[in-house]
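First the structure, in the form of structure tokens, and then the observations on it.
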Amino acid sequence: MRKFVFSFLFLSFCFVNLQAKNISPLILTIKSYPLSEEEKGYLEQVNPYGFIFVEKDFKKHIDLFSLKQQLTALLDHKIYFFVDQEGGKVNRLKYLFPKEKFPSAAYYGAMVTKRGLLKTKKIVFNKAKNTALLLSLISVDVNLAPNAEINPAEYNRFFTTRLYSQNPRIVRALSEAFAQGTRAGGIEPCYKHFPGTSRSQIDPHKLIPVIRNVTLQDLINKEFIPFTPAKNYKYLMMGHALYPRIDRNNISTFSPKFYKMVREMLQFDGLIITDALNMKATGNISIGDKIARSLSAGADLAMPFFDDNMPFYERLEELYKIPPEIIEQFNQKLEEMETIN
């Protein structure tokens with residue numbers, strides 16, 4: 001009880017910057033179902049943009065519809081629910097729809113040889129649309145897909161079947177079909193993981209993918225091609241990779257240069273999301289410093305993925321590192337996007 005009281009005394013003292021009128025540029029996870037009173041108080045103070053649900057959440061068969069109603073009433077603004085539903089290995093819906101098939105990106109890439117690109121695009125579109133309809137039924141707003149990275153000439157051990165093709169034109173066509181189908185099904189897609197990490201054989205959950213001897217022109221000639229349609233959508237995810245020829249000091253998540261590429265070269269004016277900041281590729285600095293660095297570099301939304309065992313008052317200490325001006329800028333951008341829409 002004493003720790004609970006301390007948490008909210010600390011919260012009231014430190015979180016002056018995240019006032020109720022301001023939405024914080026964060027996509028968080030939910031710790032407990034049903035929500036504890038302590039978590040409710042924490043979320044009220046943080047006032048996040050949205051929430052992401054991962055495999056363990058779907059295993060519990062959580063009622064996302066009721067949860068969204070509760071969170072909307074608690075936070076008093078539109079709440080966005082995010083999920084990774086690529087198909088294949090990354091398949092959250094298998095727990096809710098076990099009889100439904102959700103093929104991998106590689107499955108569709110191989111289909112191009114047999115059925116042609118045009119027919120394959122139609123199949124990808126229809127499957128993405130049907131998947132989106134299922135996601136919308138359970139109150140999901142954004143699917144963190146398609147994965148628009150190119151499969152390197154050498155088989156990538158980390159991504160395995162999660163990539164469409166070695167051919168950037170095929171990747172562009174199939175990922176765009178996926179994005180179009182997703183939107184047709186009533187939810188928003190999110191292109192990922194810019195600018196690409198697949199040239200490395202490294203899993204960013206464990207180590208930093210270092211992609212040597214690749215220049216900006218190399219990226220323009222190849223990696224940028226599948227991402228060019230992203231400007232027509234609302235979300236894009238930044239991946240964790242180090243390109244020493246472009247920025248020797250920062251992985252793409254913390255590099256202003258890469259965010260500038262997204263804005264100027266891809267002409268993307270939507271919301272750029274970080275990949276999960278608990279991955280080892282983001283280094284040994286505190287999670288709060290990772291959030292602040294990525295948002296200061298140019299990200300719009302950070303996904304910290306706090307450890308479940310981390311007390312709420314410690315999470316607040318980390319979130320207090322977000323510069324107040326970043327929060328103000330984010331809310332201004334939301335207002336501008338709403339006006340445009």
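Identify the residue in segment 97-142 that is among the aromatic types (Phe, Trp, Tyr) and in contact (Cβ under 8 Å) with a residue 40 or more places away in the chain and, among all such residues, is farthest from TYR191 (Cα to Cα).
TYR107
Determine which single condition LYS127 fails, assuming it passes every other condition in (1) of a type outside the set (S, T, N, Q); (2) farther than 27 Å from MET265 by Cα; (3) part of a loop (DSSP other than H, G, I, E, B).
Answer for LYS127: the failing condition is (3).
Could you grab me the full set of residues in segment 308-341 that are under 20 Å from the mean Cα position of the chain (by Cα), modelled with pLDDT of 95 or more and not in a helix (DSSP H, G or I)?
The one that is under 20 Å from the mean Cα position of the chain (by Cα), modelled with pLDDT of 95 or more and not in a helix (DSSP H, G or I): ILE322.
So, in segment 277-296, of the ones that are outside any helix (DSSP H, G or I) and touching a residue at least 40 places away in the same chain (Cβ under 8 Å), which residue ends up nearest to THR197 (Cα to Cα)?
MET279
Only residues in segment 59-81 that are surrounded by 14 or more Cβ atoms within 10 Å (Cβ to Cβ) and among the basic types (Lys, Arg) count as the first member; pair them with residues that are in a strand (DSSP E or B) and modelled with pLDDT under 95, Cβ under 8 angstrom, at least 6 apart or cross-chain, and list the lot.
The qualifying pairs do not exist here.
Pairs only if they're at least six apart or on different chains, beta carbon under 7 angstrom, first in segment 195-223 and closer than 20 Å to PRO168 by Cα, second modelled with pLDDT of 90 or more and charged (D, E, K, R); list them, first residue then second.
PRO195/GLU223; GLY196/GLU149; GLY196/GLU223; THR197/GLU149; SER198/GLU149; ASN213/ARG245; VAL214/ARG245; THR215/ARG245
Those residues that are part of a helix (DSSP H, G or I) and not hydroxyl-bearing (Ser, Thr, Tyr), I need them from segment 96-121; list them, please. Lay out the reasoning, then the answer.
The first filter runs over segment 96-121 and keeps only residues part of a helix (DSSP H, G or I), leaving 105-115, 117-121.
If the condition is that a residue be part of a helix (DSSP H, G or I) and not hydroxyl-bearing (Ser, Thr, Tyr), then ALA105, ALA106, GLY109, ALA110, MET111, VAL112, LYS114, ARG115, LEU117, LEU118, LYS119, LYS121 are the ones that fit.
When segment 300-330 is examined, which residues are found to be touching a Lys or Arg at 6+ places or on another chain (Cβ under 9 Å) and over 18 Å from LEU43 (Cα atoms)?
Selection gives ASP300 alone.
Within segment 104-115, restricting attention to residues that are in contact with a helix residue (DSSP H, G or I) (Cβ under 8 Å, 6 or more places away or on another chain) and buried (at least 16 other Cβ atoms within 10 Å of the Cβ), which residue is nearest to LYS60 (Cα to Cα)?
In the first step, residues of segment 104-115 are kept if they are in contact with a helix residue (DSSP H, G or I) (Cβ under 8 Å, 6 or more places away or on another chain); the result is 105, 108-109, 111-112, 115.
Within this subset, residues satisfying the condition of being buried (at least 16 other Cβ atoms within 10 Å of the Cβ) are 105, 108-109, 111-112.
Values: ALA105: 26, TYR108: 30, GLY109: 32, MET111: 34, VAL112: 37 Å.
Going through the qualifying residues, I end up with ALA105.
Please determine, by comparing only the residues of segment 242-280 that are touching a strand residue (DSSP E or B) at 6+ places or on another chain (Cβ under 7 Å) and among the polar types (S, T, N, Q), which one is farthest from MET337 (Cα to Cα).
Ranking the qualifying residues of segment 242-280, first place goes to SER252.
Return the pairs, sorted by first residue and then second, in which the second residue is among the basic types (Lys, Arg), the first residue lies in segment 83-96 and is farther than 18 Å from HIS61 by Cβ, the beta carbons are less than 7 Å apart, and the residues are 6+ apart or on different chains.
Hits for this filter: GLU86/ARG162; GLY88/ARG162; LYS89/ARG162; VAL90/ARG162.
Tell me, please, whether a residue that is surrounded by 15 or more Cβ atoms within 10 Å (Cβ to Cβ), assigned to a helix (DSSP H, G or I) and either among the aromatic types (Phe, Trp, Tyr) or in contact (Cβ under 8 Å) with a residue 60 or more places away in the chain (or both) can be found in segment 297-306.
No, every residue in segment 297-306 fails to be surrounded by 15 or more Cβ atoms within 10 Å (Cβ to Cβ), assigned to a helix (DSSP H, G or I) and either among the aromatic types (Phe, Trp, Tyr) or in contact (Cβ under 8 Å) with a residue 60 or more places away in the chain (or both).
The values are calculated or read from the model by the stated rules, or taken from the named source; none is laboratory data. Computed from a predicted model, the values in this text were never measured in an experiment. When we count neighbours, we look across all protein chains shown, and the Cβ atoms used for this are built from the backbone with ideal geometry, even at glycine.
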